[in-house]
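In what follows, a structure is listed as structure tokens, so that the remarks can point back to it.
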Amino acid sequence: MMAMQQIETPQTGSPKNVQPLLRITGLTTEFRLEGGRRLQAVQDVDLDIGAGEILGLVGESGSGKSVFAQSILRLVQPPGQVVAGAIAFEGRSVMDMSARELSRWRGRDVGMIFQQPQSCLNPVRRIGWQVAEPLLLQEKLSRKAAWAGAVDLLRAVGIPAPEEKVLAYPHQLSGGQAQRVMIAIALALKPKLLIADEPTTALDVTIQAQILELLRESCRMLGTSLLLVTHDLGVVARLADRVAVMYAGRIVEEGPVETMLTAPAHPYTQGLIGAAPQLGQARGVRLKDIPGTIPDLSRLGAGCAFAPRCDARAGQNLESCTLSQPLPVSIRPRHRALCFAAKASSAVSPCEISP
Ligand SMILES: Nc1ncnc2c1ncn2[C@@H]1O[C@H](COP(=O)(O)OP(=O)(O)O)[C@@H](O)[C@H]1O
Ligand SMILES: [Mg+2]
């Protein structure tokens, strides 16, 4: 069939005059903690994803990547809440969708894959039906056609002997096979956007590489945009067209993958990739450890959240870093950073918020 074989030429990137597939502006997600304190896990985030584009979202653990991914899909659970911002998908406001529109949107237009595939699969249902379900419910195929479709999808994601594997239960799959099944489910309806949150972190290194290759090839073939959340810079180097770096709930730098890896402008990004040799060829390169830890997001001060760990600030003795939030600075076209030091060293004008 069907899903994986349709070849379209994806339109990569998001030129200025073309509406991006997804446009996020000022997105802020807050958790209300006991005692009335508020924790902003996502703070005033602007981000676009173009049609067919692979955007890597990186940052240390606890920086807000998962909450951000959940916020896009409106899957944040109380006490968390999106408190500000707009999410436009093909120009339609996701924040204004009714429950019915949301579930239709999530079913048809966006797919998602999470870190633990086994926990996302129903343990008591044969995987064939779990893959066939979107075809039955959304495409309104007959049971027979949906079952045949499931076999085809499992074959397309590289499951051996798919005619037999459709009958298996999730516990009979290896971790890598379970993630392949999740990819088959997520891509069954050829979504326009796939959100994958650390999809290979739980797998061993050789399997990781195969799964990532499958993700990239499937998305390219279907013209599906991919938001790939990861803390592995090697993954980003090999897969992404563009990279966004998250720190303490904010996107601190964003740009095309080549310039981000070779000429990062934000001291945080510089620290992350400083020690990673030959990223282009590297596999499983972890983010470099930067001295210090990410701050408690419920106790952030007025200044840049990275200031206490920042070499550039220490070197240039920039007072503003601790007093106020830096504004986005345009480093070069489509490359921006949220840093007083980047502004000072590059001497460029504040950029327009959207690329
Ligand atoms: N249910 C919750 N209640 C309170 N705080 C939460 C909750 N979920 C996440 N957070 C906080 O949000 C921040 C970002 O978390 P997360 O998005 O999971 O980070 P990442 O995915 O980058 O590792 C963390 O400080 C975390 O403690
Ligand atoms: Mg996470």
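The values are calculated or read from the model by the stated rules, or taken from the named source; none is laboratory data. Quick caveat, the model's predicted, so the values are computed rather than measured. Every residue, glycine as well, gets a Cβ built from its backbone with ideal geometry; the counts of neighbours run over all protein chains shown. We work out accessible area using only protein heavy atoms, side chains counted, and drop any ligands, DNA or RNA first. Shrake-Rupley method; radii C 1.70, N 1.55, O 1.52, S 1.80 Å.
Go ahead and set up a Gaussian network model of the chain, Cα springs under 10 Å, then flag whichever of G292, G59, G271 fluctuates most.
G292
Which listed residue (L297, Q210, C339) has the Cα farthest towards the positive end of the charge dipole for the chain, taking +1 on Lys and Arg C-beta and -1 on Asp and Glu C-beta about the Cα centre?
Q210
If the chain between Q325 and Q77 were fully stretched, how many nm would it gain, using 0.36 nm times the residue separation less the Cα-Cα distance? Mind showing how you got there, number by number?
Values: separation 248, 0.36 × 248 = 89.28 nm, distance 2.81 nm.
Result: 86.5 nm gained on full extension.
Read phi for every residue in region 34-48 and hand back ³J(HN,Hα) as whole Hz from Karplus 6.51 cos²θ - 1.76 cosθ + 1.60, θ = phi - 60°, with x for Gly and Pro.
With coefficients 6.51, -1.76 and 1.60, one gets 4, x, x, 5, 10, 10, 8, 7, 10, 10, 6, 8, 10, 7, 10 Hz.
Which shape class, rounded, prolate or oblate, goes with region 143-183 when its Cα gyration tensor gives a ≥ b ≥ c as root eigenvalues, a/c under 1.5 marks rounded, and past that a/b bigger than b/c marks prolate?
It is prolate, given that a/c is not under 1.5 and a/b is the larger ratio.
Along the charge dipole of the chain, which of A51, L135, P162 sits closest to the positive end, that is, farthest toward it, with unit charges on the beta carbon of Lys, Arg, Asp and Glu (+1, +1, -1, -1)?
L135
Using +1 on the beta carbon of Lys and Arg, -1 on that of Asp and Glu, and nothing else charged, what's the dipole of region 24-110 about the Cα centre, debye to 20?
With only Lys, Arg, Asp and Glu charged at Cβ, the dipole is about 400 debye.
Each residue of region 323-335 in turn: what ³J(HN,Hα) in whole Hz from Karplus with 6.51, -1.76, 1.60 and θ = phi - 60°, glycine and Pro shown as x?
With the stated coefficients, region 323-335 comes to 9, 8, 6, x, 8, x, 10, 7, 8, 8, x, 6, 10 Hz.
Using amide H atoms built in the peptide plane, which far-off residues or other-chain residues are under 5 Å from Q325 H to H?
Amide H to amide H, under 5 Å and 5 or more residues apart or across chains, Q325 pairs with nothing.
I'd like the antiparallel share, as a percent to the nearest 5, of DSSP beta bridges with both residues in the chain.
Taking every DSSP beta bridge within the chain, about 65 percent pair in antiparallel fashion.
Equivalent-ellipsoid semi-axes (√(5λ), Cα gyration tensor) for the chain, whole Å, largest first? Please list the in-between numbers first.
Values: eigenvalues 267, 90, 75 Å².
With the √(5λ) rule applied to the chain, the semi-axes are 37, 21, 19 Å.
At a Förster radius of 45 Å, what calculated FRET efficiency corresponds to the Cβ-Cβ distance of R104 and R37, to the nearest 0.05?
After rounding, the FRET efficiency stands at 0.80.
How big is the dipole moment of region 193-234 about its Cα centre under a simple scheme where the beta carbon of each Lys and Arg is +1, that of each Asp and Glu is -1, and everything else is neutral? Debye, nearest 20, please.
Rounded to the nearest 20 debye, it is 180 debye.
Counting only protein heavy atoms, what percent of the accessible surface of region 72-146 is carbon or sulfur at a 1.4 Å probe? Before the final figure, lay out the partial values.
Details: 2130 of 4230 Å².
Here it works out to 50 percent.
Any idea of the accessible area per residue across region 14-97, 1.4 Å probe, to the nearest Å²?
Value returned for region 14-97: 42 Å² of accessible area per residue.
Quick check: Cα centre of region 159-174 to Cα centre of region 231-261, how many Å?
Result: 35 Å between the Cα centres.
For a quick check of understanding: with a 1.4 angstrom probe and all protein chains in place, what accessible area in square angstrom does M95 have, to the nearest ten?
Near enough 60 Å² of accessible area.
Compute the distance in nm between two label points, each set 7 Å from the Cα along the Cα-to-Cβ direction, one at L300 and one at Q172.
Distance between label points: 4.8 nm.
Of the lysine pairs in the chain, how many meet both conditions: Cα atoms under 28 Å apart, and a spacing of 8 or more in sequence or different chains?
The number of close lysine pairs in the chain is 17.
Give me a comma-separated list of calculated 3J(HN,Hα) values for region 235-247, in order, Karplus coefficients 6.51, -1.76, 1.60 applied at θ = phi - 60°, integers in Hz, x for any Gly or Pro.
Whole-Hz 3J(HN,Hα) from phi for region 235-247: 4, 4, 4, 7, 10, 7, 8, 9, 10, 10, 10, 10, 9.
Looking at the chain as a GNM with Cα springs under 10 Å, which of E319, E254, E133 has the largest mean-square fluctuation?
Per the Cα network of the chain with a 10 Å cutoff, E319 tops the list.
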